[in-house]
Each structure stands twice: as C-alpha cells, then as structure tokens.
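The values are calculated or read from the model by the stated rules, or taken from the named source; none is laboratory data. Small disclaimer: the values here were computed from a predicted structure and weren't measured. For neighbour counting, all protein chains shown are included, and Cβ atoms are generated from backbone atoms with ideal geometry for every residue, glycine included.
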Amino acid sequence: MLDNSEEYVTEDGRKIGGVVMEMKNITLRFGGVVAIKDISFDIREGEIRAIIGPNGAGKSSMLNVISGFYVPQEGEVWFHGSKRPPMRPYDVARQGIARTFQNIALFEGMSVLDNVMTGRLNYMKTNILQQAIWRGKAEAEETKNREAVEKMIDFLEIQHIRKTPVSRLPYGLKKRVELARALAAEPKLLLLDEPMAGMNVEEKEDMSRFILDVNDEFGTTIALIEHDMGVVMDLSDRVVVMDYGKKIGDGTPHEVRNNQEVIDAYLGVSHD
Amino acid sequence: MFYREAGDFKVSYRDDSQTFPIKFDRYRYYVVLAVAFGIIPFIINDYWANALLLPFLIYAIAAIGLNILVGYCGQVSLGTGGFMAVGAYACYKLMTAFPDVSMFIHVLLAGGITAIVGVLFGLPSLRIKGFYLAVATLAAQFFLVWLFNRVPWFYNYSASGQINAPERDVFGIIITGPNAPAWATYLFCLIFLTLCAILARNLTRGTTGRTWMAIRDMDIAAEIIGVNPLKAKLTAFAVSSFFVGIAGALFFAVYLGAVEVGEVFGIQKSFLVLFMVIIGGLGSIFGSFAGAAFLVLLPVVLKVVGVDVLGWPTDIVAHLQLVIVGALIVMFLILEPHGLAQLWRVAKEKLRLWPFPH
C-alpha cells in the first residue's frame, strides 16, 4: 500500500506532500538491451524531482515509461494511489501528466498560439459537428480555453510571438513555448526532459526561474532530467541517480552529492 | 499602405479568432460573396458556366477536401478520383431510387457515403505513412474504378455502362439534365462550395484542425499531449472524403450529366486535384481556391492566347499546356512548397510596409 499521508520535509525546509507516483521494480528491455533494470522510486506531491545520470543511463527511457510511451516488461506504475494498467500515451495525458522533450517537439507548421492551444486538448469536449458549425458551443469553448492559454503565454512572457509560426523562433524561445504547451494542460505531474539543454547561462537562469515559479504558483509536481549539476542541485528537492539502467542513488541533493557510487559514476573509478 | 492592420484592435478573443481578423479582408470577403451570389447569376451564360465557373466551383470543393487530408493532416492520398467516383455513383443510385427527394439531400448523402468509404480506405493510415500510404490509396483508386466498371448494379444495368443524370430539381428549379439553366447549376454548386469552405475553415481553426496539424507536424508528440491518432486520422479521412464525395456528385450530376467512370474519375483526376492542392498551397483553404482557379483557368487562357491571339494550331497549344503545367509544378515544389497561398501571404506582408520598407 502507498502511504499518501506522510509529510516530508526537504533539506531546505520545504514541506512536500504524499506520494503521487510510484515506480515499482520497473524493468524495460529493448530486445537484448536492458535499458532500465529493476528501478523503484517515488515522486511526491509538489516536489521537484530530478533524474540524473551519465549519457545512456536510461533517464529518458524512464520518462517515457512514466508518460506511457514505453510499457515496461516488468514492474508497476502507481499513480494517485492506484495501479496504472498499460495505456496509450494519450490516455496518460488525460490523467494529467504532461511533458516536454529533449529535442523540441513542437508543431513547426503552427503558430505559437495554436501550439499552446493543443495543450488544452483534454479540456475540449465539443464534437466535430459542433466545431464545424462553430457558432455556439465550439466558439464558447475556444474562447474559454483561449483565456487559460493566454494566462500561460503571459506567465512565460511570450505574448509578443503568439501569432508567429514556431518554425521562425530561436531555440530558447521554442523551449519556452514547449513548456507553455505542457503547462496549458494544467498537469498534475510535469515531466521535463532536459529543459536546459543547449542554453547559455542567461537562458538557463530564465528557465530555472520559470520552473521554480511553476512549482511555486501552480503547485505542480515536476520531474526533470538535467545534465547541469549546478542547476539540478539548486532546483530539486530530491534526486534519483541512474547509471547503466540501474539506480545508484536516491535522496536529497546533499545526500546524493556525497554518495560514493554517484561520485564513481560521474568521475570514473580506477579498475586496478 | 493600402493593406494595413494598424488601428484594428481586438478586445475579445472571439474577435481575434474570427476567419478574417483584418477589416480589409473581411469586407473583401463580403464583396466577393455579394458578387458571386448577387451579380454573376444574372450575367452568366452557358459558355461561362461550363467552361469556367462550374469546374472551378466543383474542383475547389474537391481541393478543399484533399487539402484537409494532405495539407492539414499530412496523409498523402492518390485516391481522390476514386472517391469522387463514389460520390458520383452514390448520387446516381440515390437519384434513380428516390426521384422525388431534393437534390440537396442526394448530394449531401452522397458525401456521407463517400465519407464512410473514405474511412474504410483510411484505416491503413494507422500503420503506414508517406509513400506507402500513397500507394495504399492508389490501390483504392484502381479498385473503386474497377468496381464501378464491373458491377452492373452500380450503373443500373445500362447497356453502355455509363451513368446518365436524370432531370432533377430543387424547389421546382431544374438542376440536372440538359435543360438545367446555367444560373441554377452555378448557384447550386456555389452554395455547396460556400458551405464546404465555411465548414472546412471552422474545423481547421478549432480543436479538430489543431489535432490534424499536430499529427501532420509530429505524430509522436501529438500522441503524448493527448491526441488520439486513430481518431484524428480517421476524422480527417471522413471529412476529406465527404467534401470529395460532394464534388464527385456535383461533377457527375450537375456538370457533366453523363459519366464513364474510367475516363472521368481515373488516376488523372486524382493527380489533377493533388496538383491543385500543391500549386494552391498545402494547409490553406484559400490555397484550394487558388489552385482550382489556376488549373481551371490555365487551359482556357492558354487556348485564348495560343489559338485566338497567336493563331497556333490547337494540338500544339494542348501539348504546350501539359508542358507548362508540368513545369509549374516542378517550379512550385522547388521554389515555394507552400504554393500560391504563401505567395499571397508574402505579398501581403510586403504590402503592409509598402512603399517604405525600411
């Protein structure tokens, strides 16, 4: 049984809630390659949970398991106190899990506004006939969701480009638009796959601020993968460390930093 | 300078999401509608209707339909001719089985039947993409034409194997058959085109259109943010086939009157409509109009210029037309993959600043 009631206090004194998602003994194989080997960890309500590890450690695969893109061969995914059956990614999205991608996965042919509006898909209830007629229900729904989307556009400071086709935007802005699209879904759990990859220091600071603000203002639970250790240690409440598909560390940033296995994985260890 | 949006502020999201957010565009649209409905029917004659207006209106409907599938949802289809044939034969069977029912209903039902057939042939799109899907729809094209040729029930066991549109009316005005007046056939097609264009626009600017475009641009990401790919692709096939079916029904019943399926709805028709969509602009309703107008007008203009003005022999002009269309398609694919619609967009952006671009 999951214990949802337990309060947890992080090392900098922040209180975070009970467990919202628990991965139990997850094993994921691609043919003979074992991408994830028997990993268990949990994500608590309102926390920022980082997944780190060297290249090829299986971090992105882990995120793909959470978002339903891969179905693990063994193990269970528990979300909000119930076991999640294997389901298609769009059903996972409906449960309130949104994500961004390592290589930006925006819809290049659409405007920023349309991209962010796609994030609201799960709130769209009108059928195709009502939409074809437009007047009435579909229009009202569009306007209502547009308001929610504009809030996110406002929040992420991308008002000036809302009508611009995404393909014309620079990299940093695209990352922000992608975050806006994920946030527009008002997710319970937000997965960020390397939100700061390829950014300069300034952009990283901006993005870090946005992530903290999201967590703070909307209370969104966030799980993120990141390579910049400084960012990870500053942002996250708890950290999972993976290496070669195995979990080698789990705990607060401080604990993880002093974990011998983690140090070995990152700095290498002599085999003599 | 003369095209501007300055000072045209929106105070509600509703205003901002309308079809023509800029006043200039909106009034131009009203003017076009007024001319099309209020003036042209009074000055139209048989030559204009049959040479230009009817084919333009009908091809525009087909192009909108195909554009929804190829341009908005990214599913390549070479089966347009076959689906138009489904619309035509469905319309024919309905017209002969229920002679007293209004043509409006027949044409709409023909569209509906085509939508169902389109969904059936769209099922492979769930597994295959791109060229392979194109080949699968090509199979649909050949299968459907073969079916309508070989099963006599479809052409009511007529000796010639052709289908002929009997005389039918709408509210007492004859629409089909040789006695139909030009203005009536024109208005009938125009009403369908207007309705189709408005429906297509409403669908593409709303949720459905966004799911289609999401599938087109990146299907994996679309699925992860909550798009059901099965639903998105099949609705695209259904809506697209609905429009194409209406176009096929009109093409047979109103425009030609008599059809031999292999000749009229063969693979050339599929390519012609596809060319319209490519030249006009993928993913643009306006582009469908532009492409249809372009490919309908081009032969007429070439004929007028070549035969009447320059006095060249007719067959040379006809061959020249093939060369020019081919060259234009290659040119468009290389220079401007988004077609006439994109040229128009670029022109508008330039005009906003003209004559002071700096």
Item to complete: Kindly indicate whether any position in region A:68-78 is within 13 Å of chain B (Cβ to nearest Cβ), within 22 Å of A:GLY219 (Cβ to Cβ) and in contact (Cβ under 8 Å) with a residue 24 or more places away in the chain.
Response: no
Worksheet item: Has region B:162-182 got any residue that is under 30 Å from A:ALA93 (Cα atoms) and buried (at least 22 other Cβ atoms within 10 Å of the Cβ)?
Response: no
Worksheet item: Is region A:152-162 home to any residue that is under 20 Å from the mean Cα position of the chain (by Cα), of a type outside the set (Lys, Arg), within 9 Å of chain B (Cβ to nearest Cβ) and not in a helix (DSSP H, G or I)?
Response: no
Response to the item:
Requiring at least 3 residues that are under 30 Å from B:ASP169 (Cβ atoms) and touching a Gly at 6+ places or on another chain (Cβ under 6 Å), the helices (runs of 4 or more DSSP H) wholly within region B:220-318 are B:229-250
Practice prompt. Would you mind stating whether B:VAL227 is within 9 Å of chain A (Cβ to nearest Cβ) and within 16 Å of B:SER288 (Cβ to Cβ)?
Written response: no
Discussion item. Which residue is farthest from the chain's Cα centre (by Cα), if the candidates are limited to region B:128-155 and must be crowded, with 20+ Cβ neighbours inside 10 Å and hydroxyl-bearing (Ser, Thr, Tyr)?
Written reply: B:TYR155
Worksheet item: For B:PHE265, which of the numbered conditions (1) buried (at least 24 other Cβ atoms within 10 Å of the Cβ); (2) within 18 Å of B:LEU340 (Cβ to Cβ) fails to hold?
Response: (2)
Item to complete: May I ask you to say which residue of A:ASP216, A:ASP228, A:ASP243 is in contact (Cβ under 8 Å) with a residue 24 or more places away in the chain and within 19 Å of the chain's Cα centre (by Cα)?
Response: A:ASP228
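Considering only region B:1-111, give the helices (runs of 4 or more DSSP H) lying wholly within it that have at least 3 residues that are β-branched (Val, Ile, Thr) and under 23 Å from B:GLY339 (Cβ atoms).
Numbers: elements: B:13-16, B:23-34, B:40-43, B:54-67, B:80-97.
Where helices (runs of 4 or more DSSP H) fall fully within region B:1-111 and carry at least 3 residues being β-branched (Val, Ile, Thr) and under 23 Å from B:GLY339 (Cβ atoms), they are B:54-67.
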Practice prompt. Name the single residue, out of those in region B:216-262 being crowded, with 22+ Cβ neighbours inside 10 Å and among the basic types (Lys, Arg), that is nearest to A:TYR90 (Cα to Cα).
Written response: B:LYS233
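Does B:ARG201 fit the bill of being more than 8 Å from every other protein chain (Cβ to nearest Cβ) and charged (D, E, K, R)?
On the way: more than 8 Å from every other protein chain (Cβ to nearest Cβ): yes; charged (D, E, K, R): yes.
Yes, satisfied.
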Discussion item. Checking A:GLY136 against (1) more than 22 Å from A:VAL232 (Cβ to Cβ); (2) within 22 Å of the chain's Cα centre (by Cα), only one condition comes out false. Which one?
Written reply: (2)
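Are any residues in region B:259-290 within 14 Å of chain A (Cβ to nearest Cβ) and within 11 Å of the chain's Cα centre (by Cα), and if so, which ones?
Filtering region B:259-290 down to residues within 14 Å of chain A (Cβ to nearest Cβ) leaves B:281-285, B:287.
Across region B:259-290, the qualifying residues are B:ILE285, B:GLY287.
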Discussion item. Name the single residue that is farthest from the other protein chains (Cβ to nearest Cβ) among those in region B:204-224 being free of Cβ contacts under 8 Å to residues at least 12 places away in the same chain and under 24 Å from A:GLU139 (Cα atoms).
Written reply: B:ALA222
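Per-residue answers, yes or no, for (1) at pLDDT 85 or above; (2) closer than 30 Å to B:GLY74 by Cβ; (3) not hydroxyl-bearing (Ser, Thr, Tyr):
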residue	(1), (2), (3)
B:VAL273	yes, yes, yes
B:VAL296	yes, yes, yes
B:VAL301	yes, no, yes
B:VAL325	no, yes, yes
B:PHE332	no, yes, yes
B:HIS338	no, yes, yes
B:ARG345	no, yes, yes
B:LYS350	no, yes, yes
Worksheet item: When only residues in region A:209-231 that are within 30 Å of A:ASN122 (Cβ to Cβ) and touching an Asp or Glu at 6+ places or on another chain (Cβ under 7 Å) count, which is modelled with the lowest pLDDT?
Response: A:GLU226
Worksheet, complete the sentence: Of the residues in region A:113-140, those that are facing another protein chain (nearest Cβ under 9 Å) and either among the β-branched types (Val, Ile, Thr) or in contact with a Phe, Trp or Tyr (Cβ under 8 Å, 6 or more places away or on another chain) (or both) come to A:ASP114, A:ASN115, A:THR118, A:THR126, A:ILE128, A:ILE133
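What residue, of A:VAL177, A:VAL241, is closer than 23 Å to A:ASN103 by Cα, more than 14 Å from chain B (Cβ to nearest Cβ) and either hydrophobic (A, V, I, L, M, F, W, C) or out of contact with any Asp or Glu (no Cβ under 8 Å at 6 or more places or on another chain) (or both)? Quick ask: steps written out before the conclusion?
Values: A:VAL177 fails: more than 14 Å from chain B (Cβ to nearest Cβ).
None of the other options fit; the residue is A:VAL241.
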Discussion item. In contact with a strand residue (DSSP E or B) (Cβ under 6 Å, 6 or more places away or on another chain), among the β-branched types (Val, Ile, Thr) and crowded, with 16+ Cβ neighbours inside 10 Å: is that true of A:ILE104 in this structure?
Written reply: no
Discussion item. Let me confirm something: among A:PRO187, A:PRO170, which residue is modelled with pLDDT of 90 or more and either over 12 Å from the mean Cα position of the chain (by Cα) or hydroxyl-bearing (Ser, Thr, Tyr) (or both)?
Written reply: A:PRO170
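Are any of the residues in region B:179-193 under 27 Å from B:TYR59 (Cβ atoms), within 12 Å of chain A (Cβ to nearest Cβ) and out of contact with any Lys or Arg (no Cβ under 8 Å at 6 or more places or on another chain)?
Just the residues of region B:179-193 that are under 27 Å from B:TYR59 (Cβ atoms), to begin with: B:179-193.
Narrowing further to those that are within 12 Å of chain A (Cβ to nearest Cβ): none.
Scanning region B:179-193, I find no residue that is under 27 Å from B:TYR59 (Cβ atoms), within 12 Å of chain A (Cβ to nearest Cβ) and out of contact with any Lys or Arg (no Cβ under 8 Å at 6 or more places or on another chain), so the answer is no.
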Worksheet item: Is it the case that region A:18-37 has a residue that's within 30 Å of A:ASP154 (Cα to Cα) and either charged (D, E, K, R) or outside the structural domain of A:VAL177 (by TED's automatic domain parsing) (or both)?
Response: yes
Worksheet entry | region B:178-199, residues that are closer than 17 Å to B:GLY248 by Cα and small (Gly, Ala, Ser) | B:ALA197
Worksheet item: What is the residue count in region B:288-306 for residues that are touching a residue at least 24 places away in the same chain (Cβ under 8 Å) and over 15 Å from B:VAL70 (Cα atoms)?
Response: 10
Worksheet item: Only one of B:ILE285, B:ILE279 is at pLDDT 85 or above, in contact with a Lys or Arg (Cβ under 7 Å, 6 or more places away or on another chain) and either farther than 21 Å from B:LEU69 by Cβ or not charged (D, E, K, R) (or both); which?
Response: B:ILE285
Discussion item. Would you confirm whether or not region A:84-93 contains a residue that is within 29 Å of A:PHE30 (Cβ to Cβ), touching a Ser or Thr at 6+ places or on another chain (Cβ under 7 Å) and either modelled with pLDDT under 90 or within 9 Å of chain B (Cβ to nearest Cβ) (or both)?
Written reply: yes
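Consider A:GLY81 carefully, then state whether it is more than 14 Å from every other protein chain (Cβ to nearest Cβ), surrounded by fewer than 17 Cβ atoms within 10 Å (Cβ to Cβ), within 24 Å of A:ASN259 (Cα to Cα) and at pLDDT below 90. Walk me through how you get there before you give the answer.
Working: more than 14 Å from every other protein chain (Cβ to nearest Cβ): yes; surrounded by fewer than 17 Cβ atoms within 10 Å (Cβ to Cβ): yes; within 24 Å of A:ASN259 (Cα to Cα): no; at pLDDT below 90: yes.
The answer is no for A:GLY81.
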